[in-house]
1. Would you pick out the residues in region 97-128 that are within 16 Å of the ligand (Cβ to nearest atom), out of contact with any helix residue (DSSP H, G or I) (no Cβ under 7 Å at 6 or more places or on another chain) and over 22 Å from G204 (Cα atoms)?
2. Could you please let me know if V130 is surrounded by fewer than 18 Cβ atoms within 10 Å (Cβ to Cβ), free of Cβ contacts under 8 Å to residues at least 60 places away in the same chain and farther than 30 Å from D218 by Cα?
3. Which of the following residues is away from the ligand (no atom under 13 Å from the Cβ), surrounded by 15 or more Cβ atoms within 10 Å (Cβ to Cβ) and not charged (D, E, K, R): P81, P60, P19?
4. Mind listing whichever residues of region 186-233 are surrounded by 18 or more Cβ atoms within 10 Å (Cβ to Cβ), near the ligand (Cβ under 10 Å from one of its atoms) and of a type in the set (S, T, N, Q)?
5. Got a number for residues in region 310-338 being open to solvent by less than 20 Å² (accessible area, probe 1.4 Å) and either within 22 Å of the chain's Cα centre (by Cα) or not assigned by TED's automatic domain parsing to the domain that holds W100 (or both)?
6. Of all residues being open to solvent by less than 30 Å² (accessible area, probe 1.4 Å), more than 10 Å from the ligand (Cβ to nearest atom) and touching a residue at least 60 places away in the same chain (Cβ under 8 Å) in region 147-173, which is nearest to T106 (Cα to Cα)? Just the residue, please.
7. Show the residue pairs meeting these rules: Cβ distance below 9 Å; 6+ apart or different chains; first residue within region 7-25 and over 19 Å from Y45 (Cβ atoms); second residue β-branched (V, I, T) and within 7 Å of the ligand (Cβ to nearest atom).
8. Do any helices (runs of 4 or more DSSP H) entirely within region 14-128 hold 1 or more residues that are within 23 Å of A317 (Cβ to Cβ) and either within 16 Å of the chain's Cα centre (by Cα) or among the aromatic types (F, W, Y) (or both), and if so, which?
Amino acid sequence: MANESNIEKKKVVFSALKPTGDLTIGNYIGALKNMVEMSKEYDCYYAVADLHSLTVDNVPADLRKRTYDFMAFFIAIGLDPEKSTLFVQSHVPAHSELAWTLNCYTQYGEAKRMTQFKDKSQKAPENVNVGLFAYPTLMAADILLYQADLVPIGKDQKQHLELARTIAERFNNKYSPTFVVPDGMFPKTGAKIYSLLDPTAKMGKTDDNANGTVFLLDDPDTVMRKFKRAVTDSDTVVKFSADKPGISNLLTIYSTFGGVSIAEAEKQFEGVDYATFKTRVGEAVVEYFRPIRKTYSELIADKGYLESIMKAGAEKASRTAYKTIAKVYRKIGLVPPVR
Ligand code: TYM
């Protein structure tokens, strides 16, 4: 008879996106695409990281709108709320609770070394808040609460993931095995998508020049206009190479949305001029997102449905998360509340 130990446990996956700006094709290629792939096989927890958004200045109404948008996009890109746990980070208070605890197991020097902290402090010197500094410990809490084995992310989150591993290992060594030490999952190509206007800078949700960023909410005309204006080089050959960052970035984007390898894409565009190439990349993006945008529009009109998903997701996530909290509190000597 099968007992529990020989029934193979599905791997657990956690990832999140913060609603500081609208979702971009960089988010899609770097994280969302893998999140969908992994949801077919694994036990996945995916969150809208609204608490992380508070580390930068926000317009409350925009934050609220984007929280619904992200949830609608989760479903529109193919995540099934019956199979994956989709929720809003602030709906599960365990995230804040474990984050505080992990702050006490993270060194000042470790947090200070994070490049995102350094970049963001430089970009907004008027708002270097303590939350921005503690950002990676909240992220570690997100992951460790669910005992996640795998974390699909883009390259810019690698350093944060490594810190989460360090914290987990430190805690496990000091007490006894408590947390699963997670591994990052990066896409083979496109772990970092660059701005269309500056192919040496990351394509970001909050870039100063929105023309360099393609948003999932952009209508087809806007997408085409952005690709037509994309920066290339003075050469004429469509080839993936370190000295052709603009073209390489466009090839990566085409490869994802056109469903071909980079080598195949290079072949398709042999002898094709840059203007035609850029148009074809734009068209591939427009076509790929056409059905997704349609589903998104239907979902976003039905707030009640989205809220029912948020509610069910938060309940399921809480059950898992509070098991970890109870274990952690017991090990570090906190007296459980008397009920
Ligand atoms: P965020 O919201 O900035 O980005 C969401 C995901 O998209 C990836 N990404 C990119 N990938 C490739 N090219 C790009 N230009 C690009 N821009 C963004 C990011 O690497 C990320 O995977 N701190 C996280 C959110 C978070 C999280 C977590 C992630 C909170 N808790 C726990 C994983 C696990 C963030 O700000 O991602």
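1. Matches in region 97-128: W100 only.
2. Numbers: surrounded by fewer than 18 Cβ atoms within 10 Å (Cβ to Cβ): yes; free of Cβ contacts under 8 Å to residues at least 60 places away in the same chain: yes; farther than 30 Å from D218 by Cα: yes.
Against the criterion (surrounded by fewer than 18 Cβ atoms within 10 Å (Cβ to Cβ), free of Cβ contacts under 8 Å to residues at least 60 places away in the same chain and farther than 30 Å from D218 by Cα), V130 qualifies.
3. Details: P60 fails: surrounded by 15 or more Cβ atoms within 10 Å (Cβ to Cβ); P19 fails: away from the ligand (no atom under 13 Å from the Cβ).
Step by step, each of P81, P60, P19 is checked, and only P81 is away from the ligand (no atom under 13 Å from the Cβ), surrounded by 15 or more Cβ atoms within 10 Å (Cβ to Cβ) and not charged (D, E, K, R).
4. S195, T213 - these are the residues of region 186-233 that are surrounded by 18 or more Cβ atoms within 10 Å (Cβ to Cβ), near the ligand (Cβ under 10 Å from one of its atoms) and of a type in the set (S, T, N, Q).
5. Counting residues in region 310-338 that are open to solvent by less than 20 Å² (accessible area, probe 1.4 Å) and either within 22 Å of the chain's Cα centre (by Cα) or not assigned by TED's automatic domain parsing to the domain that holds W100 (or both) gives 5.
6. Here is the first cut: in region 147-173, the ones open to solvent by less than 30 Å² (accessible area, probe 1.4 Å) are 148, 150-154, 157, 160-161, 163-164, 167-168, 171-172.
Within this subset, residues satisfying the condition of being more than 10 Å from the ligand (Cβ to nearest atom) are 150, 163, 167-168, 171-172.
With touching a residue at least 60 places away in the same chain (Cβ under 8 Å) added as a condition, the list becomes 150, 167, 171.
Numbers: L150: 21, I167: 7, F171: 10 Å.
Only one residue tops the list, namely I167.
7. Between residues of region 7-25 that are over 19 Å from Y45 (Cβ atoms) and residues that are β-branched (V, I, T) and within 7 Å of the ligand (Cβ to nearest atom), the close pairs are T24/I193; I25/I193.
8. Numbers: elements: 33-39, 50-53, 60-76, 94-103, 108-112, 115-123.
Passing ranges, in order: 33-39, 50-53, 60-76, 94-103.
The values are calculated or read from the model by the stated rules, or taken from the named source; none is laboratory data. On a predicted model such as this, the values are computed, not experimentally measured, just so you know. Please note: Cβ atoms are built from the backbone with ideal geometry, for glycine as well, and neighbour counts cover all protein chains shown. Only protein heavy atoms, including side chains, enter the accessible area calculation; ligands, DNA and RNA are left aside. Shrake-Rupley method; radii C 1.70, N 1.55, O 1.52, S 1.80 Å.
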